[in-house]
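Written out below as structure tokens is the structure these notes cover.
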Amino acid sequence: PLTGTGAIVTPAVSAARGVGAFNVIQLEHAQAIVAGAEAAGSPVVLQLSENAVRYHGALAPVGSAVLAVARAAEVPVAVHLDHATRPELVYEAVELGFSSVMFDASALDYEENVRTTAEVVAHCHAAGAWVEAELGKVGGKDGVHAPGVRTDPGEAAAFVTATGVDALAVAVGTSHAMLTRDAALDFELIAALRKAVPVPLVLHGSSGVGDEHLSRAIEHGMTKVNIATHLNKVFTTAVRRALAENAELVDTRRYLGAGRTAVAGEVTRLLGVLKAV
Ligand code: G3H
Ligand code: ZN
């Protein structure tokens, strides 16, 4: 069934479990992620980014489909808006039925990030929605990898107090859209942030993190783990194989279905790595 992101993430923090938050682009991603979570017997977060919404041209068609997939699931599934920079899109998502949003003002300076985030938080809380924000820019989305950026624990605690956010994305060694899983996480910093910050921590750019570092991140106090690029890689590898194996193949279900099956299996495996069950 459809549930709230907070209802999945809050109990995971005290139980030292991770929460898998996987990005959806096509309908097949949502189906695959839910099938993978059902096989694992684990709750899961489906997230749609502002970039994915831009690709589809509008939120409602793809957003409604993702919500429908979540409602039909056998495990608790939350639907989240990822990396929104436009408050109008945040409010549209909440109106449509998304239980949470990430408002990403991390490109702004500290004061502006606080001011704009606090405003969005006030609106969202009035509507019953949960808000994630980012402090310390996790790079890579512009193609520039900056895994050296770090979030300061004291500043993070002050940011949470000043904005009222429900979860915080932090920079601890990852970078978005990495194709290799060899990022070195700063575990001491994760533990220090866990101590200093009163809300759940979110790891972005987790495609660049290998299994062992993902498990250790959870042990050190990370909770929501966002994975996008890695699942696209798994999807596309399976599609390439299906197309290469049969030059006559034209039915899109045959190769997209292969991608969907491959992603479901990888989601089940990753939820185990994240101790999400
Ligand atoms: O918000 C989404 C994630 O941070 C995804 O990053 O594509 O590097 O896994 P990734
Ligand atoms: Zn991200």
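Read-outs: derived from the displayed coordinates by stated rules, not from any lab. Since this is a predicted model, take the numbers as computed values, not measurements. Quick reminder, even Gly has a Cβ in these numbers, built from the backbone with ideal geometry, and neighbours come from all protein chains shown.
Points to keep in mind about this one:
- Across E112, E74, E134, mean-square fluctuation computed from a Gaussian network of the chain (C-alpha pairs under 10 Å connected) peaks at E112.
- Between segment 216-259 and segment 42-113, the alpha-carbon centres lie 21 Å apart.
- Here the dipole of segment 177-277 is about 260 debye; that uses its Cα centre as origin and unit charges on the Cβ of Lys and Arg (positive) and Asp and Glu (negative).
- Expected-Rg normalisation [2.2 N^0.38 Å, Cα atoms] applied to the chain: 0.95
- Neighbourhood charge, 14 Å Cβ-Cβ cut-off, centred on R150 and excluding it, Lys, Arg +1 and Asp, Glu -1: -4
- Charge dipole of the chain about the Cα centre (unit charges at C-beta), most positive-ward option of V77, T174, A60: V77
- Given charges at beta-carbon only (K, R positive; D, E negative), |dipole| of the chain in Debye: 660
- Here segment 13-140 is treated with +1 on each Lys and Arg Cβ and -1 on each Asp and Glu Cβ, and its dipole about the Cα centre works out to around 260 debye.
- Label-point separation, T85 to E119 (7 Å along Cα→Cβ), nm: 1.6
- Cβ-based exposure ranking for S14, S175, S215, in which fewest neighbours within 10 Å come first: S14, S215, S175
- Listed residue (T252, L203, V101) projecting farthest to the positive dipole end of the chain, Cβ model: T252
- Ranked by the mean number of other Cβ atoms within 10 Å of their residues, highest first, the peptides 75-84, 194-203 come out as 75-84, 194-203.
- Unit charges at the beta carbon, dipole of segment 187-277: most positive-side option, L243, H213, L274: L274
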